[in-house]
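For reference, the structure is listed below as structure tokens.
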Amino acid sequence: MISVKKILCPVDFFPASDAAVKYAAGLAANYDATLHLLHVVGPVAPMAYEYMTNASEIIGSIEDSAAKEMNKRVTKLKVMGISSETEIRLGDVHDEIKQVIEEVKPDLIVMGTHGRCGVERWFMGSTTEKLLRHSPVPLVTISAAGEKLSTLPRKIMVTTDFSDGTPDALAYAFSVAQENESKVTLLHVVQDIATDLPGKHRSTLIDEVRNRLEEMVPAEARHWCDIVTRVETGVPYRIIKRVLEDERIDLLVMNIHGKGMFDRALLGSTAERVVRMAGCPVMMVPPLKKKLKRRARPDGLVAA
């Protein structure tokens, strides 16, 4: 079983951020974890204002406003019986979040996918995208568009391209599934180019892929979890979107490639597009540290 004792939730007080706090609170209740709320105030340029003013006064006012917003959320968390910590920092959003990760050492990060200042999505090069590339712990993204987000997922889907980080994603997915008696779907999408093969060879390829998926399932998992392997053909992000909607998936788990920094830098359009359009929470799992891998149980799950 995975161990979640501290959850980091960066907030910007926009709808997706509040949805993330609500989801993170549910997870904190499930795992009896502490929720660490972080808000970062970006640098302020006085010349951006129509009147001359002092930057420190502007920052102070923003920090006071942020503190009031934080207190509103903490009050709600107390009513829910959730242990929480709050922190307000000044600086570059990504840099400060990265620093807090190093200091707080959370087991999980939960954050919204919508941007600030009226921007509907965080795009390439933004805070979420940077964290997807560099986060040392699993990152769960939440969309404000998502409805009835359940922290007790009954339907979990794991997408895999058979890269090195796949076992790490499976360890988390099956651990969550074990706690919630969830149905788990393992999905691999065969790229369009492979569908140009003659019928016999195409059928053989799909059978081989399905066999690989079956081999990835821990033997013990079949005793407490309904598992389905699924092979589709087409454009990956489009297929993933369709399956998420058709099957009404509660949680999507994907791995961040683990072969090296080059792979992390080339996270790819599939993951980015999936995170942006998914109506359900998406858990992106980075390569686990070696010490965690050594603690992996024979059935494929990670020991607490």
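The values are calculated or read from the model by the stated rules, or taken from the named source; none is laboratory data. Model, not experiment: these values are computed from the prediction. Here the Cβ positions follow ideal geometry from the backbone for every residue, glycine too, while neighbour counts run over all protein chains shown.
Tabulated values for the structure
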| quantity | calculated |
| --- | --- |
| Any hit, the stretch 84-97, residues being without any contact (Cβ under 8 Å) to a residue 40 or more places away in the chain and assigned by TED's automatic domain parsing to the domain that holds Ala28 | yes |
| Of all residues making up the stretch 24-41, the number that are crowded, with 19+ Cβ neighbours inside 10 Å and closer than 21 Å to Lys130 by Cβ | 6 |
| Candidates Met70, Met47, Met1, filtered to the one that is surrounded by fewer than 21 Cβ atoms within 10 Å (Cβ to Cβ), at pLDDT below 85 and under 23 Å from the mean Cα position of the chain (by Cα) | Met1 |
| Selection within the stretch 234-246 - buried (at least 17 other Cβ atoms within 10 Å of the Cβ) and over 10 Å from Met277 (Cβ atoms) | Pro236, Ile239, Val243 |
| Residues (in a helix (DSSP H, G or I) and at pLDDT 85 or above) located in the stretch 222-244 | Pro236, Tyr237, Arg238, Ile239, Ile240, Lys241, Arg242, Val243, Leu244 |
| Qualifying positions in the stretch 73-89 - within 10 Å of Ala28 (Cα to Cα) and part of a strand (DSSP E or B) | Ser84 |
| Index of the failed condition, Glu215 passing every other in (1) of a type outside the set (Ser, Thr, Tyr); (2) at pLDDT 85 or above; (3) under 28 Å from Arg276 (Cα atoms) | (3) |
